[in-house]
Amino acid sequence: MEEPEQDYGNEADQLIAEHGGDVQAAIAKLMDERSFLIKELEYASLAMGFGYARGWKPKLSRRPEAEASRHPL
């Protein structure tokens, strides 16, 4: 399933402005939010019954190598 391309230019500018023009602070905030959302997905996938989602589980990463290193066999 392909995701539609989105223009995040205005949102990126707004986020940087909210951090007083500090790009590193804006990126740090995004990384913090990402970590929180990954934990939320992990909790949801643990609480979700197998039949409820018909076997589907959320992906924690778009990169297969990152997922494999996170959950070794």
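Here are the numbers for this structure:
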{"item": "Length added when fully stretched, PHE36-ARG54, from 0.36 nm per residue minus Cα-Cα", "result": "3.9 nm"}
{"item": "Label-point separation in nm, ILE16 to LYS29, each point 7 Å along Cα→Cβ", "result": "1.4"}
{"item": "Burial ranking of peptide ranges 12-18, 31-37 (average Cβ count within 10 Å, highest at the top)", "result": "12-18, 31-37"}
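FYI, it's all coordinate maths here, none of it is from the lab. Keep in mind the model is a prediction, meaning the values are calculated, not measured. For neighbour counting, all protein chains shown are included, and Cβ atoms are generated from backbone atoms with ideal geometry for every residue, glycine included.
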